[in-house]
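The values are calculated or read from the model by the stated rules, or taken from the named source; none is laboratory data. On a predicted model such as this, the values are computed, not experimentally measured, just so you know. FYI the Cβ positions are ideal-geometry reconstructions off the backbone, even for glycines, and counts take in every protein chain you see. Remember, those area values only see protein heavy atoms, side chains included, never the ligands or the DNA or RNA. Shrake-Rupley method; radii C 1.70, N 1.55, O 1.52, S 1.80 Å.
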Amino acid sequence: MLRSATLALLLASAPALADTPRSAIPWLSDSLEAPPAAEPEARPAGIVGDGTNGAFEITSLDRRYGDEVGLLPPARSGLRRDLWGTTSALRARKLISSVENTGVPAAQALFRRLLLAELDPPVGGGARPSVLIARLDQLLAMGALDQAEALIDRAGLVHADVALRAFDVGLLTGRVEEVCQDLASNPNLSPTLPARIYCLAQLGDPAAADVTLSAGTRLGTIAPIMANHLAHFLDPEGFEDAPLPEMPSRLTPLYFALREALFLPRPATALPRAFLYRDLDRHVPPRRRIAALERLTASGAIDGDRLFAAYRAQRAATSGGVWGRAEAVQALDTALAEDDRAALLDALRLADRRLGAVGLRVALARAVAPALAEKTWPGAVPAVAAELLLLGDAAEALGRIAPDNPVVETAQALALQRPLAQTPRRMLSQPEARAAAAYSALNEALPQAEAPGAAQILIALGQLDAGEEIGAADLYATLRTLRMAGLSDAARRIAVETLLLQGH
C-alpha cells in the first residue's frame, strides 16, 4: 500500500504543460507532466557496476548521460565507438528520426544494430538525451519493445522523456509495476493524474486510486473519456449495466491497456506495431497471434522462428489471409519431407508467392533454406529454389543457376564473394541495372579516404528505405558508403536481398 504521504504527493498541483510536442510518436501517452522549460546545467554522474548486466543507477534529470548508452559494445556491433565523430546531437537526432526502416530486412537489421550500439555521444548534447530518445522512438515504431526496454534499463530514468517511454513500454508489455514504483519514488518525475491513478491500482492501492480519480474528476483535470475508462477499470462490476466507454480519438498505450483490461473493442484500423506485443502470448487466439507475429517479423522486431512455429502449430481454420500462409508453409514442410521434386517446386512457388506478398520472403527463406540445401535437382536449380537458398544464407548449397538470369547469377556471385565470368553490363532493364551497380559497388577498389561515420551511414540507410525499388545509381553509392565504413558483410547482404526481392 502507498502511504498517505505518497497519496498527498500524487494529488499535488501539476505544472503547466509545455506547448511543444514531446515526441514524434503520435500515440505516446501523456503520462508525465512537462518538465520545467529551462533545464539546469548538466553535470556528470557515476555509474554503478561495469554495465555488463545493466547495473546502471537511476539518477536525477540534470544528468548529462544517456546518448552513449547501448546494448552492443563495439566488439559485438562491429561499429567503432567514435562513429558519431563531430556530428551534433541535433543532427544525429534528425538523421535517426528520418529513417523510415522500410528497406530490405538486411537494411533493417543494420539500422537496429546502429540504434542499439554503444557509441560515444554526438557533440553538444544537453540534459535531455535527445539521441537516446530518438533511438527509443524508432525501436517503438518497429515494435521492438524488448530491445527498447533493455535500453531504458541500461540508461536508467535519466530524463522525464525517457521515463515517459518507460511507462508506455511497461503498459504495452504488461511489465509496468516497476516503472510505477520509480514514478512514485522519484521527485523529479511528475506523473499526470491518469498515470498516477493507474499506478496506484497496479501497486495495490485501489482505494487511493479511487480517491485520486474522484478529486481529478471534480477539479476537471482529467478528460471525461479518460475518467470514464479509469472508473470502469477501477470498478468494472459497478458499471455492468452502463454504456461502454467510447473509443478515444487518439489511442495511447494507457488507453489501450485500460481497454484491453476491460475487454473493450479495438479500433477497426491497424494498430501501431508496438501495440501488438500482447498478441504474442500463447493464450491469444491463433489468428490474431499469427497476424501480430507476421507484422513484427516483417519489421525485424522479432525473429522469424516464432512466426513459423505458429504457422506449423495447427491446421488452418479457414482459407486465405494468415491461414492461407500457414497452409502454404505446412504444405511446403510436407513436400520437403518427400522425394517428389515436382510437388516440392509447386509448394515452393505457392509459399513464396503468399509470404512474399506480405514482406516475408526473407523470413521464409531462412526457415526453409537448411532443408532445401539438402535437396538435389536434376539439371539447373529452379529459380525459386535458387533465390530462397541465396536469401537464406545457403548459397554454397547451390549447384548450377540458369545462365540466362543475370540478376540471380550476380546475386550468387555477391553472396559467395566470387567474381563473375563477365562483369554485368549496365542495361535498360532496371533489375539488371541494379545487379550491375551492386556488383560494381562491392568489387571496385575503394579510394583512400576517411571512413564514413554514423551520419553518412544513416543517410545511406535513408536511401535504402526504397527497398527493392531503389535506383541503380543510389544503390551503387549506398553500397560503396557502407563498404567504406567497414560494413562490407551488411552491404553484401543488402545487395543480395535488393536484387532478389524485386516484385515480391
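Numbers for the structure displayed
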{"item": "Test: Ala365 is surrounded by fewer than 23 Cβ atoms within 10 Å (Cβ to Cβ), outside any loop (DSSP other than H, G, I, E, B) and not basic (Lys, Arg)", "result": "no"}
{"item": "Considering residues of the range 454-468 that are open to solvent by 10 Å² or more (accessible area, probe 1.4 Å) and touching a residue at least 24 places away in the same chain (Cβ under 8 Å) only, the residue farthest from Glu432 (Cα to Cα)", "result": "Gln456"}
{"item": "Filter result (open to solvent by 10 Å² or more (accessible area, probe 1.4 Å) and either part of a helix (DSSP H, G or I) or under 13 Å from Leu132 (Cα atoms) (or both)) within the range 72-83", "result": "Pro74, Ala75, Arg76"}
{"item": "Criterion: β-branched (Val, Ile, Thr), open to solvent by 20 Å² or more (accessible area, probe 1.4 Å), modelled with pLDDT of 55 or more and assigned to a loop (DSSP other than H, G, I, E, B) - qualifying residue of Thr86, Thr52", "result": "Thr86"}
{"item": "Those residues of the range 368-388 which are open to solvent by 50 Å² or more (accessible area, probe 1.4 Å) and closer than 16 Å to Phe308 by Cα, in sequence order", "result": "Pro370"}
{"item": "Residue in the range 231-245 that is under 19 Å from Ser29 (Cα atoms), open to solvent by 20 Å² or more (accessible area, probe 1.4 Å), touching a residue at least 40 places away in the same chain (Cβ under 8 Å) and out of contact with any Asp or Glu (no Cβ under 7 Å at 6 or more places or on another chain) present", "result": "no"}
{"item": "One residue from Phe256, Phe275, Phe263 being aromatic (Phe, Trp, Tyr) and surrounded by fewer than 14 Cβ atoms within 10 Å (Cβ to Cβ)", "result": "Phe263"}
{"item": "Matching residues, the range 211-230, being under 17 Å from Ala201 (Cα atoms) and either surrounded by fewer than 17 Cβ atoms within 10 Å (Cβ to Cβ) or among the charged types (D, E, K, R) (or both)", "result": "Val211, Ser214, Ala215"}
{"item": "Pick from the range 337-351, criterion surrounded by fewer than 17 Cβ atoms within 10 Å (Cβ to Cβ) and in contact (Cβ under 8 Å) with a residue 12 or more places away in the chain, ranking: farthest from the chain's Cα centre (by Cα)", "result": "Arg341"}
{"item": "Helices (runs of 4 or more DSSP H) within the range 423-502 that include 2 or more residues modelled with pLDDT of 95 or more and closer than 25 Å to Arg353 by Cβ", "result": "488-500"}
{"item": "Residue satisfying condition, being open to solvent by 70 Å² or more (accessible area, probe 1.4 Å) and of a type outside the set (D, E, K, R), within set Thr297, Thr318", "result": "Thr318"}
{"item": "Residue among Arg354, Arg400 that is surrounded by 15 or more Cβ atoms within 10 Å (Cβ to Cβ) and of a type in the set (Lys, Arg)", "result": "Arg354"}
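Per-residue answers, yes or no, for (1) under 15 Å from Ala148 (Cβ atoms); (2) in contact with a strand residue (DSSP E or B) (Cβ under 8 Å, 6 or more places away or on another chain); (3) of a type in the set (Asp, Glu); (4) open to solvent by 10 Å² or more (accessible area, probe 1.4 Å):
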residue: Arg165; (1), (2), (3), (4): yes, no, no, no
residue: Gly170; (1), (2), (3), (4): yes, no, no, no
residue: Thr173; (1), (2), (3), (4): yes, no, no, yes
residue: Gln181; (1), (2), (3), (4): no, no, no, yes
residue: Ser185; (1), (2), (3), (4): no, no, no, yes
residue: Ser190; (1), (2), (3), (4): no, yes, no, yes
residue: Pro194; (1), (2), (3), (4): no, no, no, yes
residue: Ile197; (1), (2), (3), (4): no, no, no, no
